[in-house]
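The structure appears right after this line, and notes come after that.
The values are calculated or read from the model by the stated rules, or taken from the named source; none is laboratory data. This structure is a prediction, so every number in the text was calculated from the model and none was measured. Positions of Cβ are generated from backbone atoms using ideal geometry, with glycine treated the same way; all protein chains shown enter the neighbour counts. Ligands, DNA and RNA are excluded from the accessible area calculation, which covers all protein heavy atoms including side chains. Shrake-Rupley method; radii C 1.70, N 1.55, O 1.52, S 1.80 Å.
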Amino acid sequence: MSSLDYIVILVFTAGVLTAGMSFSKSGKNMKTFFAGGGAVPWWINGLSLFMSFFSAGTFVAWGSLAYINGLVSISIQWTMCLAGFIIAGFIAARWRNTGVLTGAQFIKARLGAGVQKVYTYLFVAISVFTSGAFLYPVAKIVEGATGIPFEYAVVLLTVAIVLYTATGGLWAVIVTDVLQFIILTAAVIIIVPLAFDKIGGVSGFFEGAPEDFFNFTTSKYTPLFFLGFGLYNLCFIAGNWAYVQRYTSVKTAKDSRKVALLFGCLYTISPIVWMLPPMIYRIYNPGLDVAAGDANHAYMNMSKEVLPAGMLGLMVGAMIFATASSVNTTLNIVSGVFTNDIYKGIKPEASDKQLITVARVSTVVFGCLTMVLALTVDHLGGILDVIWMLAAVTGGAMYIPPLWALFSKRHTGKSVLGVTLICLTVNLIFEGLKRSGVFALSPAQVQVLGSCLPLCLMAGYEIYAMRKGKETQQYRDYEMGRKERLAAEAANIELKAEEQAEADRENKHGVKVIGIGIALTGSAIAVLGAFSDYGRLLVVSVGLLVAAIGVAVLMTNRSGVKQTQEADLILK
């Protein structure tokens, strides 16, 4: 990369930190710090959900898969699109109508405080491990783009992520997510046509592709694998507490459906566009040493080949923080669970100020643990092996039983927790047999086992309890409490109006930061494109379009600010 690229990365990093830390005064209590006041605009939560999930291994794990296997990298990701539509139709509104803000609070209300404690400790432990796996590809991007040693990259990234997550809470996370989405979408729109030009256009892409490059499945990624991985994605996106937060922190059940629907729509199109660069690079340079892991750098290598000076730096900066989105999302919810469900349980008299302090300190602590775990990924078989292992061992076991309880009238805390513990034990046994060389299931069998075992056990107990024909007392207590929570929310008009006014002020500030960030980014792209030796018209055009979007967001937000000020006058 050129000196200009490094300057752009530094400026971009400073901009992201400034945007995140501009929310340092917004987290006045637990609800605003971890749930955005419960009134985050649905489109912001939808984009944030997309970036939190989509970016975890896009540029390294999925980029490597796209380089090696081609179209199968897209077809696997389409399972996430189906999951989004199913959640929009049947699950998102259920979460919003529970009257709680977090998955932990739902488990306590529905299954009991004792069960919640066990799930909380399991969730914290697993989430720290997964965030370490998510941090790994970010550091690999930095290493491949800048030459900074992997270990130093992990440390520097941890400091940056913890800084703005601990300072700004949920709003810092979701605003930076939206900015990365806009920037990366603009970058990919620039990369794809320039990359096609390097190989003689679309015809050169199809003519130079290896045999079986456009198959939807392979001998390793079979239809059985798709079934298991699809079920896992459905349960993970619908039940992971970090993502549940996106459905519960909007105003209405209708908005929660829109969050999931936007996620599904984006995943219908994005895998095609976002996987093209590493697929094109396979035709441009088919000689990468796959066994040595060089395919992990395919996405970055294609970007280096076609992006002009400065624009590459912007792309790298956006890649880094977009991929880091999975880390900061997980850190935010883990810190919230620890503060609200562990620390507050020990010290129930703690004030809001004390709780916010604990939340920020715990974010730092969990960030350090994430850093340590990211450094061990290579010793566990590489990033793809870690992702598949985490999915198989923990996904279905942790998220399917509580999700089932969201609908079931007959399951109890003991039955739900029992299924989780049984499935975790079985999955760990098979994982241990695999690593000891005694016996190994295929990736497809592992995925199916991880998802179907808890489904079968939950269904079996449901049928058994159904024969008794009665609802459990736990469900009746939960349903009564749920109705009381919703009724109290609706009846407390004066308090609700004050909270709404505060939430609106935070929303306006958040949208303002997004608008300014988009406008400045678009202007920077246009300026960089004006000095480019090739692709000038394309880069400048995309930059101006992005800047126009930013201006439109600011103008729309300004009219909303006037309405909020008028509402404040009425309240006074």
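Couple of notes before you dig in:
- For the range 192-206, Karplus couplings with θ = phi - 60° (6.51, -1.76, 1.60), whole Hz, Gly/Pro x: 4, x, 5, 5, 4, 4, 5, 10, x, x, 4, 4, x, 5, 6
- Residues whose amide H falls under 5 Å from that of G310, counting only those 5 or more places apart or on a different chain, are S2, D5, with hydrogens built in the peptide plane.
- Among the listed pairs K344/K414; K140/K512; K220/K258; K414/K470; K220/K414; K304/K508, those whose Cα-Cα separation exceeds 26 Å are K140/K512; K220/K258; K220/K414; K304/K508.
- The range 520-529 - phi-based ³J(HN,Hα) in whole Hz, Karplus 6.51/-1.76/1.60, Gly and Pro as x: 5, 5, x, 5, 5, 4, 4, 5, 4, x
- Rounded, prolate or oblate (a/c below 1.5 giving rounded, otherwise prolate when a/b exceeds b/c) for the range 92-150 by Cα gyration tensor: oblate
- Anisotropy class of the range 201-261 from Cα gyration tensor, a/c 1.5 cut: oblate
- Shape category assigned to the chain from the gyration tensor of Cα positions, a/c cut at 1.5: oblate
- Given K409/K483; K251/K409; K409/K468; K108/K483; K251/K483, the pairs whose alpha carbons are separated by over 21 Å: K251/K409
- Here's how it looks for G70: its modeled amide H is under 5 Å from none belonging to a residue 5 or more places away or on a different chain.
- Accessible-area ranking of V188, V364, largest first, probe 1.4 Å: V364, V188
- In Hz, Karplus ³J(HN,Hα) per residue of the range 230-236 (6.51, -1.76, 1.60; θ = phi - 60°; x = Gly, Pro): x, 5, 4, 4, 4, 5, 5
- Applying 1/(1 + (r/R0)^6) with R0 = 60 Å to the Cβ-Cβ distance of I463 and D212 gives a FRET efficiency near 0.90.
- Probe 1.4 Å, accessible area per residue of the range 168-314, Å²: 33 Å²
- Ligands, DNA and RNA left out, the accessible area of the range 171-302 computed with a 1.4 Å probe is 61% carbon and sulfur.
- Fraction of accessible area attributable to carbon and sulfur, the range 84-137 (%, probe 1.4 Å): 67 percent
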